[in-house]
Amino acid sequence: MTTQGPSARRIVFMLPGPLERLSGGTIYDRQIIDGLRRAHWQVDLLVLSGAYPWPDAAALDAAANQVARIPDGACVVADGLAFGAMPGIVQSHRRRLHWIALVHHPLALETGLNAAQQQQSFANERLSLEAARGVIVTSTSTAAALAPYGVASAQIRVVEPGTRPAALATGSRGTGTGTGAGAGQHHPAPLALLCVASLTPRKGHAVLLDALAGLQGRNWILHCVGDMQRDAATTRDLRERITALGLAQRVVLHGELDAAALQDMYQHADVFVLPSYHEGYGMALAEALACGLPVVSTTGGAIADTVPAHAGVLVPPGDNAALRMALERVLDDPQWRDALAAGARRARACQHDWPAAVGRFAAALEILERGTLPAPAPAPAR
């Protein structure tokens, strides 16, 4: 293999699956890759196969073969969903490759893991991060969450996502997100609640359903948009819960939608709801604010940094009683809903675009790639 010196304008981007996926992490990766290429960086893609962050032996063998073919001295930006799950491969190439980890959120913070899985995820990711020259995260909250992993603050750069320009939502009744003016209809359309999130335990759909089960006397409909294939067991459980709670006529599971259809959902929503236990940033929340939608969400992870207090109401993760109270007020009080929508419009004016995010990412790469490789941690005493 020919040895080449590191180049600040050429990278390999290692992905845990196809770039066509519609998850927040993949959208971030795609926007950064496209932006770097427009800025004349050469970005070579290394797309892994397997169910990351829990790859089987065959997936790890395939990944090992792919990584072994990367030229010596290359700078490899590795999405954390894969990077943290393959410590053996990362460590075996720590001197040959310049690893830069892109951590959307620590793997051990995923909701639904048992104690053994959580411990294993933490140990794997810590070992992988030990081999990285630097780490790029998507929020200051995630940067702080890496402290237990032994990552020095000098090795971390925060590059928040950009937000695509969007038209202000017109709402379900065609009068904008403030629906008080339309409330005098004899048969007003139901207020449209929108949740955009993959159907996984961390996103908290079960808590949302339990909260809404106590509000069936109100006029609302919930549209859930997001991947229904990633966690088949969660999708099955949520379908059963919808039926058991008598919500089959009030909750629509749309699955993944293309960009145009998703934007249409935002445009015709009245309130955005995301009951996540943890978010490394919360790109769907930023998209909702870009449409001027009032937000009901949680304090999990970086959400409080993404949603200002004047644009939404945040409750503790997993607290369905608090979530129900917040939803009850946003459904019953059109003036308050209007005030939150106005706050969302103010937040919208302060959002950064993707070109700015790409510029910050490129600057972070140029600094971190020149950094010194951390020394291996000492072996534990016997």
Cα-centre dipole for the chain with unit charges at Cβ (Lys and Arg positive, Asp and Glu negative), debye to 20: 580
Note to self, the chain gives a 222 nm [θ] from helices alone (DSSP H runs n ≥ 4, -39500 (n - 2.57) apiece, / all residues, nearest 500) of -11500 deg cm²/dmol
Work out from phi, with θ = phi - 60° and the Karplus expression 6.51 cos²θ - 1.76 cosθ + 1.60, the ³J(HN,Hα) of each residue of the range 22-36, listed in order in whole Hz, and give x for Gly and Pro. 10, 6, x, x, 5, 4, 4, 4, 5, 5, 5, 4, 4, x, 5
Kindly express, to the nearest 10 degrees and within the range 0 to 90, the angle between helix 232-244's C-alpha long axis and the longest C-alpha principal axis of the chain. 10
Quick check: net charge around L212, other residues with Cβ under 13 Å of its Cβ, Lys/Arg +1 and Asp/Glu -1? +2
At a Förster distance of 41 Å, what's the computed FRET efficiency of D44 paired with A339, Cβ-Cβ distance as r, to 0.05? 0.25
Given a Förster radius of 25 Å and the C-beta distance between A115 and R37 as r, what FRET efficiency does 1/(1 + (r/R0)^6) yield to the nearest 0.05? 0.05
What is the gain in length, in nm to one decimal, between A363 and Q229 on full extension, counting 0.36 nm per residue of separation less the C-alpha to C-alpha distance? 44.6 nm
Please list, ordered by chain and number, the residues whose modelled amide H lies under 5 Å from the amide H of L102; skip anything fewer than 5 residues away on the same chain. A78, D79, G80, I136
Most positive-pole-ward Cα, V12, A233, Q263, against dipole of the chain from beta carbon charges: V12
Please compute the contact order of the chain in relative form: average sequence separation of alpha-carbon pairs under 8 Å and at least six residues apart, divided by the residue count, as a percent. 18
In whole Å, how far is the Cα centre of the range 224-250 from that of the range 260-328? 19
Karplus (6.51, -1.76, 1.60) ³J(HN,Hα), θ = phi - 60°, over the range 213-230, in Hz, Gly and Pro reported as x: 4, x, 10, 6, x, 8, 9, 8, 9, 10, 9, 10, 10, x, 4, 9, 9, 4
Phi-based couplings in Hz for the range 125-140 (Karplus 6.51, -1.76, 1.60; Gly and Pro marked x): 5, 4, 5, 5, 5, 4, 8, 8, 6, x, 9, 9, 10, 9, 7, 5
Would you grab the residues whose amide H sits under 5 Å from the one on V251? Only those 5+ places off in sequence or on another chain, please, with H modelled 1.01 Å from N. L222
Long-range amide H partners of Y281, meaning residues 5 or more apart or on another chain whose placed amide H is closer than 5 Å, are A302
Would you calculate the separation in nanometres between label points at A167 and A356, each defined as 7 Å from the Cα along the Cα-to-beta-carbon direction? 2.4
Tell me, what % of the accessible area of the chain is carbon and sulfur with a 1.4 angstrom probe? 54
Could you point to the residue in A144, Q119, I100 farthest towards the positive end of the range 100-168's charge dipole, with +1 and -1 charges on the Cβ of Lys/Arg and Asp/Glu respectively? I100
Please give the per residue accessible area of the chain, computed with a probe of 1.4 Å over protein heavy atoms only, in Å². 42
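The values are calculated or read from the model by the stated rules, or taken from the named source; none is laboratory data. None of these values were measured; they are calculated from a predicted model. Glycine also receives a Cβ, built like all others from the backbone with ideal geometry; neighbour counts cover every protein chain displayed. All accessible areas refer to the heavy atoms of the entire protein, side chains included, with ligands and DNA or RNA removed. Shrake-Rupley method; radii C 1.70, N 1.55, O 1.52, S 1.80 Å.
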